[in-house]
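The values are calculated or read from the model by the stated rules, or taken from the named source; none is laboratory data. This structure is a prediction, so every number in the text was calculated from the model and none was measured. Heads up, the Cβs are rebuilt from the backbone with ideal geometry, glycines too, and the neighbour counts pull from every protein chain shown.
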Ligand SMILES: [Cu+2]
């Protein structure tokens with residue numbers, strides 16, 4: 001187990017990197033911050049099951065199992081008494097394998113779809129250095145509260161770099177996406193992701209993960225033919241997400257599906273607590289289905305009592321049947 005003082009310097013370590021090093025991973029609300037230490041809270045260890053994959057990820061372009069628990073805390077600096085989190089992001093075109101038959105040229109950020117999950121504490125300064133190495137113009141528009149100059153709607157041309165800088169506020173779950181027209185095309189080709197702003201007091205330790213739902217319009221008819229969690233259709237159907245029985249699971253959930261006005265998210269054989277837009281510290285409601293319009297996002301939390309395999313998917317079954325489907329493999333703890 002990591003000595004607790006290590007937490008202060010963990011900002012450049014992703015949870016995945018910790019896993020690779022065989023280290024017990026502490027609650028992500030504590031990762032990258034000293035918040036919990038300052039508050040003198042007890043830090044319960046969160047156990048992450050070993051990751052087994054049955055699908056080869058070598059030709060996918062990136063690994064959705066890494067995307068799941070990969071939080072980017074940026075490079076931390078102190079300037080004028082403020083904590084700065086500096087993130088480097090590059091837009092590019094990259095082929096991804098949507099299924100055995102379809103290779104798709106995505107527009108990606110740091111060669112993954114969705115882009116990196118940026119994470120900061122409320123009140124810190126976020127600085128995103130955005131390089132556009134793609135042939136088309138792109139931008140990054142963040143949700144949240146900031147000045148108009150930082151709204152990310154100006155196209156950044158090929159070969160150009162810009163810097164977006166703003167205070168991380170308010171705490172919650174904020175999507176980001178390219179805002180160059182036609183926006184439906186720029187988003188559905190892959191230019192989106194999540195910014196998590198942690199509340200000052202943090203959240204209780206949990207096995208935390210990100211699920212971003214998206215669609216692929218393969219023939220430009222303004223309808224999606226394929227759907228996915230974290231970029232690759234059916235990846236978590238073929239590679240169930242292992243979680244431990246009786247451990248709190250926290251999902252940062254985002255709907256970035258264009259063309260379908262709204263979808264739901266449903267888990268089997270359980271109920272979840274909803275923190276709408278991540279803007280509350282106490283749950284707003286309990287359900288096993290929640291509706292999300294495009295760009296809507298929530299934190300949901302749940303614990304499985306019984307080991308076994310449980311599906312999760314939108315309850316629009318044609319969307320689930322065309323790629324937005326997965327399993328939790330609940331392991332005895
Ligand atoms: Cu774009």
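Among the residues of segment 97-110, which ones are within 16 Å of the ligand (Cβ to nearest atom) and more than 15 Å from the chain's Cα centre (by Cα)? Matches in segment 97-110: 104, 105, 106, 107. Pairing each residue of segment 304-328 that is outside any loop (DSSP other than H, G, I, E, B) with any residue that is at pLDDT below 95 and crowded, with 21+ Cβ neighbours inside 10 Å, provided the two are 6+ apart or on different chains, yields no C-beta distance under 8 Å. Residues of segment 163-176 that are in a strand (DSSP E or B) and surrounded by fewer than 17 Cβ atoms within 10 Å (Cβ to Cβ): 163, 165. Screening residue 154 with (1) assigned to a loop (DSSP other than H, G, I, E, B); (2) away from the ligand (no atom under 13 Å from the Cβ); (3) surrounded by fewer than 22 Cβ atoms within 10 Å (Cβ to Cβ) gives one miss only, at (2).
Report whether or not residue 136 is modelled with pLDDT under 95, outside any strand (DSSP E or B), surrounded by fewer than 22 Cβ atoms within 10 Å (Cβ to Cβ) and on the phi < 0 side of the Ramachandran plot.
On the way: modelled with pLDDT under 95: no; outside any strand (DSSP E or B): yes; surrounded by fewer than 22 Cβ atoms within 10 Å (Cβ to Cβ): yes; on the phi < 0 side of the Ramachandran plot: yes.
When the stated conditions are applied, residue 136 does not pass them.
If the condition is being buried (at least 22 other Cβ atoms within 10 Å of the Cβ) and closer than 20 Å to residue 190 by Cβ, then segment 259-271 contributes only 263.
Candidates 89, 113: the one that is closer than 19 Å to residue 176 by Cα, touching a residue at least 60 places away in the same chain (Cβ under 8 Å) and within 14 Å of the ligand (Cβ to nearest atom) is 113.
The residues in segment 285-303 that are loosely packed, with under 14 Cβ neighbours inside 10 Å and not in a strand (DSSP E or B) can be counted, and the count is 0.
Tell me whether segment 128-138 contains one or more residues that are away from the ligand (no atom under 14 Å from the Cβ) and within 20 Å of the chain's Cα centre (by Cα).
Residues of segment 128-138 away from the ligand (no atom under 14 Å from the Cβ): 128-129.
Subset that is within 20 Å of the chain's Cα centre (by Cα): 128-129.
The answer is yes, given that some residue of segment 128-138 is away from the ligand (no atom under 14 Å from the Cβ) and within 20 Å of the chain's Cα centre (by Cα).
Only helices (runs of 4 or more DSSP H) whose full extent lies in segment 4-117 are considered here, and the ones with at least 3 residues that are modelled with pLDDT of 95 or more and buried (at least 20 other Cβ atoms within 10 Å of the Cβ) are 64-68.
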